[in-house]
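FYI, it's all coordinate maths here, none of it is from the lab. What you see is a predicted model; the values in this text were computed from it and never measured. Virtual Cβ from ideal backbone geometry, glycine too; neighbours counted across all protein chains shown.
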Amino acid sequence: MPLTFRRARPTDVDAAIPLIYSSGPDAFDYAFARPGRSSATDFLRHAFLQGSGQFGWRQHWVGEQDGQVLAAGTAFGGEVNLGYMLAATRQILGYFGLASPAVMVRGLQLERIICPPPRRTLYLAHLGVAPERRGEGLGSQLIDHFLHCGRHAGLPMAALDVSVANPRAQALYERLGFSVQVERPSTLPGVASHRYMQRPL
């Protein structure tokens, strides 16, 4: 049964955040978790409800069946890098307060492994499918939806990053025409190296 895609809403927070988090739990934990104080998903909820930036509800899509959200993700180009950075800075300052500088440093460290996308490239991110429905083709539908959006926008290339610890996801992306361009090694604790993948639109 095909998914129906729509723009996310603030009321999707409970369904969308676990899916977004599942797209890169190690990286999210490295950047945003404060052991004994708050989890990465606590910050992601805060940022999602703020609406702006790459974590906000306005930038996300959800895929539904029978009114149940089963997939989520976002896609954007390098043209928004500065705006996203400013929005993330505001959200981090508002949420972490005095701990914000350390969070920002960790975010910059992650950007050496998962780099901001180039201009004129549709970058797919935060791709998540409900665990109980994986293997049913929902991930392919989610990616196809974003590729269609990129073609409609006239962009020439699509790209994404995948953890070397997630070979199942890489195999899916390869079936959909993506190929590895570069592997960026990680020396960060708990964060695997990532592979940057591209395909023409």
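Placing +1 on the Cβ of every Lys and Arg and -1 on the Cβ of every Asp and Glu, with no other charges, gives the chain a dipole of roughly 400 debye about its Cα centre.
Full extension of the chain between R151 and M85 gives 21.2 nm of extra length, using 0.36 nm per residue less the Cα-Cα distance.
Residues with beta-carbon under 13 Å from that of V164, excluding V164: net charge, scoring Lys, Arg +1 and Asp, Glu -1? With Lys, Arg at +1 and Asp, Glu at -1, the net is 0. Hey, in the GNM for the chain with a 10 angstrom Cα cutoff, which one of L124, L108, L138 fluctuates hardest? For the chain, modelled as a Gaussian network with Cα springs under 10 Å, the answer is L108. Two numbers describe the Cα atoms of the range 4-200: Rg and Dmax, which are 15.9, 46 Å.
Taking D26, D66, D14 as the candidate residues, the one with maximal mean-square fluctuation in a Gaussian network model of the chain, Cα springs under 10 Å, is D66.
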